[in-house]
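Only one structure is covered here, and it is reproduced in the block below.
The values are calculated or read from the model by the stated rules, or taken from the named source; none is laboratory data. Quick caveat, the model's predicted, so the values are computed rather than measured. We place every Cβ from the backbone using ideal geometry, glycine too, and count neighbours over all the protein chains shown.
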Amino acid sequence: MSKNTYSLRLPNLAATDAFGRAIADAVAEKAIICLSGNLGAGKTHLVKSTGKALGIPEVISSPTFSVCNEYESGRLPFYHFDFYRLNENLMATGSPVETLAMEIDEIMSLKKMLSMIEWPEAFLINQKNYFEDLDRITIRLQTLDNEERLAEIKSCGALSDIVFQSLLNTLCK
Ligand SMILES: Nc1ncnc2c1ncn2[C@@H]1O[C@H](COP(=O)(O)OP(=O)(O)O)[C@@H](O)[C@H]1O
Ligand SMILES: [Mg+2]
């Protein structure tokens with residue numbers, strides 16, 4: 001059985017940028033990547049690095065008035081989700097969480113896309129985490145030092161295993 005977890009040290013911002021490039025290169029057609037870690041761990045920075053490496057010229061910033069920003073200008077459609085302010089966003093739109101889930105179902109079932117999701121643990125439907133049954137890669141970022149981060153990468157599912165192996169090939173070069 002091949003290994004489905006890998007830990008990577010990110011000593012500085014340049015290392016996180018290189019990790020983002022490796023992620024973008026590893027995704028041929030599709031990946032769902034759930035990011036966890038405290039505020040300031042570097043989730044958004046990793047999303048920006050990955051989006052840039054996909055060829056997106058726009059400035060990538062965290063979604064503010066919605067849970068998702070969509071970018072169509074790169075090699076693959078790129079979706080940046082952030083559920084940190086989910087309740088405020090739901091209140092602002094007035095739509096129930098189930099409606100949002102239907103919109104997200106559509107994105108998750110696209111054949112070609114890269115989705116990166118901050119605070120995935122906050123998206124609960126009937127007290128169950130929306131993402132836990134999806135074929136996905138999880139990355140947990142931890143602050144070790146002012147600059148240094150630790151990334152724990154895990155693949156959960158057959159499609160993600162392929163992306164994960166390709167990612168390892170780049171990271172272990
Ligand atoms: N190795 C590193 N990787 C990622 N971010 C780093 C690193 N070293 C320092 N930082 C800084 O940490 C902060 C991370 O912020 P951000 O990416 O918004 O975190 P999060 O989205 O997890 O809350 C940024 O100010 C970034 O410049
Ligand atoms: Mg963030």
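Checking region 150-167 against the condition returns a match, with at least one residue being at pLDDT 95 or above, in contact with a Phe, Trp or Tyr (Cβ under 9 Å, 6 or more places away or on another chain), of a type outside the set (Phe, Trp, Tyr) and in a helix (DSSP H, G or I).
Would you mind stating whether residue 52 is modelled with pLDDT of 95 or more, among the charged types (D, E, K, R) and under 15 Å from residue 141 (Cβ atoms)? So residue 52 does not fit the description; no. Within region 122-162, the set of residues being surrounded by 14 or more Cβ atoms within 10 Å (Cβ to Cβ), free of Cβ contacts under 8 Å to residues at least 60 places away in the same chain and polar (S, T, N, Q) comprises just one member, 129.
The number of residues in region 1-23 that are away from ligand 1 (no atom under 16 Å from the Cβ) and hydrophobic (A, V, I, L, M, F, W, C) comes to 1. In region 124-140 there is at least one residue that is part of a strand (DSSP E or B), within 21 Å of residue 21 (Cβ to Cβ) and of a type in the set (A, V, I, L, M, F, W, C). Taking region 27-49 as the range and being buried (at least 21 other Cβ atoms within 10 Å of the Cβ) and either part of a strand (DSSP E or B) or more than 10 Å from ligand 1 (Cβ to nearest atom) (or both) as the test, the residues that pass are 27, 31, 32, 33, 34, 35. For region 53-77, what are the residues that are of a type in the set (A, V, I, L, M, F, W, C) and touching a strand residue (DSSP E or B) at 6+ places or on another chain (Cβ under 8 Å)? The answer is 54, 56, 60, 67, 68, 76. Cβ-Cβ distances below 9 Å connect the following pairs, each with a first residue in region 89-103 that is closer than 16 Å to residue 63 by Cα, a second residue that is β-branched (Val, Ile, Thr) and assigned to a helix (DSSP H, G or I), and a separation of six or more residues or different chains: 90/97; 93/99; 100/93.
You will find that of 100, 114, the residue that is of a type outside the set (Ser, Thr, Tyr) and under 16 Å from the mean Cα position of the chain (by Cα) is 114 and no other.
Among the numbered conditions (1) modelled with pLDDT of 95 or more; (2) more than 25 Å from residue 76 (Cα to Cα), the only one that residue 17 does not meet is (2).
Yes/no matrix, rows are residues, columns are (1) in contact with an Asp or Glu (Cβ under 8 Å, 6 or more places away or on another chain); (2) of a type outside the set (D, E, K, R); (3) under 22 Å from residue 30 (Cα atoms):
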{"site": "66", "(1), (2), (3)": "no, yes, no"}
{"site": "82", "(1), (2), (3)": "yes, no, yes"}
{"site": "86", "(1), (2), (3)": "no, yes, no"}
{"site": "115", "(1), (2), (3)": "no, yes, yes"}
{"site": "119", "(1), (2), (3)": "yes, yes, yes"}
{"site": "128", "(1), (2), (3)": "no, no, no"}
{"site": "140", "(1), (2), (3)": "yes, no, yes"}
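Evaluate region 51-64: report whether one residue or more is within 21 Å of residue 109 (Cβ to Cβ) and more than 13 Å from ligand 1 (Cβ to nearest atom). Among the residues of region 51-64, at least one is within 21 Å of residue 109 (Cβ to Cβ) and more than 13 Å from ligand 1 (Cβ to nearest atom), which makes the answer yes.
Taking the criterion of being within 11 Å of ligand 2 (Cβ to nearest atom), small (Gly, Ala, Ser) and within 13 Å of the chain's Cα centre (by Cα), the residues of region 37-49 that qualify are 37, 42.
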